[in-house]
Amino acid sequence: EAAINRIAAGEVVERPASAVKELVENAIDAGATRITVEIADGGKTLIRVTDDGCGIAPGDLPLALSRHATSKIDGSDLLNIHTFGFRGEALPSLGAVGRLSITSRAPGEEAATIRVAGGRMEPVRPAALRAGTVVELRDLFFATPARLKFMRSDRAETQAISDVVKRLAMAEPSVGLTLRDVSGGGEGRLTFRADAETGDLFGALEARLARVMGREFTENALPIDATREGIRLFGYAALPTYSRGAAVAQYLFVNARPVRDRMLTGALRAAYFDFLSRDRHPAAALFLDCDPQLVDVNVHPAKSEVRFRDPGLPRGLIVSALRHALAEAGH
Ligand code: ADP
Ligand code: MG
């Protein structure tokens, strides 16, 4: 069982940034409005995620650490994936390759804590916590030295974590997200902070994108909102005159999940074909929302790839909506 967990864990957790992604997604799923991520040494020695979400009752703590135990799905519902998590694999995987502790308090329950290290679970103990959940992951990959060797410099891993946090921040404007580097001890160094945005969809989104991508982007971008055959595309796409130089600033989301997908980036490029020389990447933050049945996000456990039932649909929508918006703006 411990060995199986370690093998499966390598699929889910490739590096500290993938652990951060899983833990922050869990906090979002738990309805958190404030999430703080603290890391040390590029996340290699410490990742701590604190949220104000629904918490976990003491009796459910061992369950949260069991493989394929998820509170988010009933077997019949495998395709109806609205929340981030649906495999019940993240926490057991993290507990198999690092030293994991979860401290949590659900409303009307006592606070409790559980630890697991290298796949060995300890009994639930009472703890002190007012509300929400604190998940602490120390010494990632200590139990799998081969993995440990593949980790990059603290700087590179910190950069990857920051990228994950920013993408999740873009997808969830109403959630406040903070990233701190506590390598030096104490309060640490603030790496990223976005307070919860209020207001309507576009108001909150614009404010959050300005925070993450910079005001130069939102001031030089067109709002996009188009729906076709049950797929909604919304977000902001840069004017052809906006140049961010060589840096790629393309952010794509499917049902609020950050994705990297060649078909979608290809569609984006096609929309701008008349304006951009071949090596330039138009800046954009675009969100596709559709019936979960129309898209398979379960291609890989790390879930950044997607497969549409009919790829022509989102592709056509992106190309036509962006060309239309650019034409309306006089381009
Ligand atoms: P999944 O997210 O796929 O359900 P995980 O292994 O990531 O699987 O989490 C297992 C379970 O632990 C979740 O289904 C949820 O019930 C609980 N859980 C994990 N993190 C949190 C959190 N931050 N707040 C509340 N519950 C949580
Ligand atoms: Mg999860």
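Could you check how many residues of region 117-150 are polar (S, T, N, Q) and in a loop (DSSP other than H, G, I, E, B)?
Here the count works out to 1.
Hey, among the residues in region 53-95 that are assigned to a helix (DSSP H, G or I) and either under 20 Å from Lys21 (Cβ atoms) or polar (S, T, N, Q) (or both), which one's modelled with the lowest pLDDT?
Once the filter is applied, the top-ranked residue is Ser76.
For (1) in contact with a Lys or Arg (Cβ under 8 Å, 6 or more places away or on another chain); (2) more than 18 Å from Arg257 (Cα to Cα), each residue gets a yes or a no:
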| position | (1), (2) |
| --- | --- |
| Leu140 | yes, yes |
| Arg147 | no, yes |
| Met151 | yes, yes |
| Glu157 | yes, yes |
| Arg189 | yes, yes |
| Arg215 | no, yes |
| Arg232 | no, no |
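Considering each residue of region 172-193, count those that are within 21 Å of Tyr236 (Cβ to Cβ) and buried (at least 21 other Cβ atoms within 10 Å of the Cβ), and give that number.
Residues that pass the stated criteria total 4.
Starting from residues that are out of contact with any Gly (no Cβ under 8 Å at 6 or more places or on another chain) and among the β-branched types (Val, Ile, Thr), keep the ones in region 196-233 and report whichever is farthest from Val248 (Cα to Cα).
Only one residue fits best here, namely Thr198.
Could you pull out the residue among Arg115, Arg125, Arg180, Arg147 that is touching an Asp or Glu at 6+ places or on another chain (Cβ under 9 Å), free of Cβ contacts under 8 Å to residues at least 24 places away in the same chain and more than 16 Å from ligand 2 (Cβ to nearest atom)?
Arg115
Output the number of the condition that Ala226 fails; it satisfies all remaining conditions of (1) part of a loop (DSSP other than H, G, I, E, B); (2) assigned by TED's automatic domain parsing to the domain that holds Leu313.
(1)
The values are calculated or read from the model by the stated rules, or taken from the named source; none is laboratory data. Note that the coordinates shown come from a computational prediction; the quantities given were computed from them, not determined experimentally. Because the Cβ atoms are built from the backbone with ideal geometry, glycine has one as well, and the counts that use them run over all protein chains shown.
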